[in-house]
Amino acid sequence: MPVEHEASAIRISPNGRVCNYRDGAIPLPLLHGPYSLVERVMMQAPVILVTGSTRGIGAALAEALGARGAAVIRHGRKEAPGVVGADLGEPASAEMLWEQALEMAGGAIDILVNNAGLFAANPIDASDIAWLDGWEETLRINLTSAAQLSRLAVRHWQARGVGGRIVHVASRAAYRGDSPAHWHYAAAKGGMIAMHKTIARGYAAQGILSFAVTPGFTNTDMAGDYLASRGGPGLLADIPLGRVASPEEIAAIGVFCALDAPASMTGAVIDANGASFVR
Ligand SMILES: NC(=O)c1ccc[n+]([C@@H]2O[C@H](COP(=O)([O-])OP(=O)(O)OC[C@H]3O[C@@H](n4cnc5c(N)ncnc54)[C@H](OP(=O)(O)O)[C@@H]3O)[C@@H](O)[C@H]2O)c1
């Protein structure tokens, strides 16, 4: 059983890690230098699973979280050195990813970042079956797998009697919608925001907090393909800032949500789109 100090709401988890999620920032050990994941876990750094962290926003997030001293578990479709492989298009893979990450972390994960995502065109004049396949693939990767992982994380923290944090990387599309070939992408991101708010409201009293980031165009492979297909510089005219975001800018917001945001911010959605969509 965890040791609880109700007055200060500080909890000590079974592996000795001090968790103070309820009241704000997460204490980090001072880890400077190229420590391995195992060394960081042993030094009781907060363990963070970042999905889709082989490239783009997820890679920038993993880098920035590691620089802050966290023990980051990286994930991509395929296994590679330092990367857990799990194709989230497969229904069983979210659970396998969680189990493998838990094993690497010695049984305790503190923070989940749902970042993996797919942005594939699904034109409405495709065949019925092709359109349905495209819809289901995007919903599974961008929403269902994030829901599966979030559920496993919430139950994991409840079973340990500790708090935890989830950061969802959604999209401006959740509020604004997307192109005619991306009904599925907008629907998945809108669903992610609704799920995020539900988690935040449902478990805040248990110290389980949820945050969401909604980027606009960000300079990754994903946006590069889209911008090229939709006229490139013309699209930039819609962004008052005059440029797309860098992955490092979005990562900075993700790091804040994961490590620094006060508990009262749970349920918040942070926009980052160069004022291209202001709500
Ligand atoms: N870039 C933008 O303009 C933008 C705007 C708004 C929101 N977002 C959101 O930000 C997140 C990151 O986007 P990004 O631009 O960094 O994308 P990216 O550069 O294309 O990287 C996508 C990441 O997700 C992983 N991934 C994709 N399909 C997967 C699958 N089936 N199973 C497991 N992992 C999979 C990729 O792993 P592999 O390397 O193994 O393929 C990669 O690590 C996404 O959720 C995206 O919707 C991006």
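Could you tell me whether any residue of the stretch 189-200 is near the ligand (Cβ under 8 Å from one of its atoms) and either under 16 Å from the mean Cα position of the chain (by Cα) or within 20 Å of residue 141 (Cα to Cα) (or both)? Spell out the reasoning first.
Going residue by residue through the stretch 189-200, those that are near the ligand (Cβ under 8 Å from one of its atoms) are 189.
Checking which are either under 16 Å from the mean Cα position of the chain (by Cα) or within 20 Å of residue 141 (Cα to Cα) (or both) leaves us with 189.
Scanning the stretch 189-200, I find at least one residue that is near the ligand (Cβ under 8 Å from one of its atoms) and either under 16 Å from the mean Cα position of the chain (by Cα) or within 20 Å of residue 141 (Cα to Cα) (or both), so the answer is yes.
Take residue 150 and tell me if it is buried (at least 21 other Cβ atoms within 10 Å of the Cβ), more than 9 Å from the ligand (Cβ to nearest atom), closer than 30 Å to residue 279 by Cβ and not charged (D, E, K, R).
Numbers: buried (at least 21 other Cβ atoms within 10 Å of the Cβ): yes; more than 9 Å from the ligand (Cβ to nearest atom): yes; closer than 30 Å to residue 279 by Cβ: yes; not charged (D, E, K, R): yes.
Yes, satisfied.
Does the stretch 251-260 hold any residues that are surrounded by 18 or more Cβ atoms within 10 Å (Cβ to Cβ), among the hydrophobic types (A, V, I, L, M, F, W, C) and touching a residue at least 60 places away in the same chain (Cβ under 8 Å), and which are they?
251, 255, 257, 258, 259
Please name all residue pairs, on different chains or six or more residues apart, with Cβ atoms under 9 Å, provided the first residue is in the stretch 106-133 and is under 17 Å from residue 213 (Cβ atoms) and the second residue is of a type in the set (Asp, Glu) and surrounded by 14 or more Cβ atoms within 10 Å (Cβ to Cβ).
Filtered contacts from the stretch 106-133: 119/178.
What are the residues in the stretch 211-227 that are touching a strand residue (DSSP E or B) at 6+ places or on another chain (Cβ under 6 Å) and near the ligand (Cβ under 6 Å from one of its atoms), if any?
So in the stretch 211-227, the residues touching a strand residue (DSSP E or B) at 6+ places or on another chain (Cβ under 6 Å) come out as 211-215, 218.
215, 218, listed by residue number.
Residues that are modelled with pLDDT under 95, among the charged types (D, E, K, R) and touching a Cys at 6+ places or on another chain (Cβ under 9 Å): find the strands (runs of 3 or more DSSP E) completely inside the stretch 10-120 holding 1 or more of those. Give the derivation first.
On the way: elements: 10-12, 47-50, 71-76, 83-85, 111-114.
Counting at least 1 such residues, we get 10-12.
Counting only residues that are in contact (Cβ under 8 Å) with a residue 60 or more places away in the chain, surrounded by fewer than 16 Cβ atoms within 10 Å (Cβ to Cβ) and farther than 21 Å from residue 253 by Cα, how many does the stretch 202-238 have?
Summing the residues that are in contact (Cβ under 8 Å) with a residue 60 or more places away in the chain, surrounded by fewer than 16 Cβ atoms within 10 Å (Cβ to Cβ) and farther than 21 Å from residue 253 by Cα in the stretch 202-238 gives 2.
For residues in the stretch 127-146 being among the small types (Gly, Ala, Ser) and touching a Leu at 6+ places or on another chain (Cβ under 9 Å), which is surrounded by the fewest Cβ atoms within 10 Å (Cβ to Cβ)? Full working, then the answer.
Within the stretch 127-146, the first condition is being among the small types (Gly, Ala, Ser), and the residues that meet it are 127, 130, 134, 145-146.
Subsequent filtering for residues that are touching a Leu at 6+ places or on another chain (Cβ under 9 Å) retains 145-146.
Values: 145: 26, 146: 29.
Per the criteria, the residue is 145.
Can you pull out every residue in the stretch 187-203 that is in contact with a Gly (Cβ under 7 Å, 6 or more places away or on another chain) and charged (D, E, K, R)? Reasoning before the result, please.
Step one: list which residues in the stretch 187-203 are in contact with a Gly (Cβ under 7 Å, 6 or more places away or on another chain), which gives 197, 200-201.
Within the stretch 187-203, 197, 201 qualify.
From the list 270, 250, which one is of a type in the set (A, V, I, L, M), within 14 Å of the ligand (Cβ to nearest atom), within 21 Å of the chain's Cα centre (by Cα) and assigned to a strand (DSSP E or B)? Give the steps one after another, and end with the answer.
Details: 250 fails: assigned to a strand (DSSP E or B).
One residue alone meets the criteria, 270.
Look at the stretch 239-250 and say how many of its residues are modelled with pLDDT of 95 or more, under 28 Å from residue 50 (Cα atoms) and surrounded by fewer than 21 Cβ atoms within 10 Å (Cβ to Cβ).
Number satisfying all stated conditions: 3.
Suppose the filter is at pLDDT 95 or above, buried (at least 21 other Cβ atoms within 10 Å of the Cβ), of a type in the set (A, V, I, L, M) and within 12 Å of the ligand (Cβ to nearest atom); does residue 186 pass it?
no
The values are calculated or read from the model by the stated rules, or taken from the named source; none is laboratory data. Quantities reported herein were computed from a predicted structural model and do not represent experimental measurements. Backbone-built Cβ (ideal geometry, glycine too); neighbour counts: all protein chains shown.
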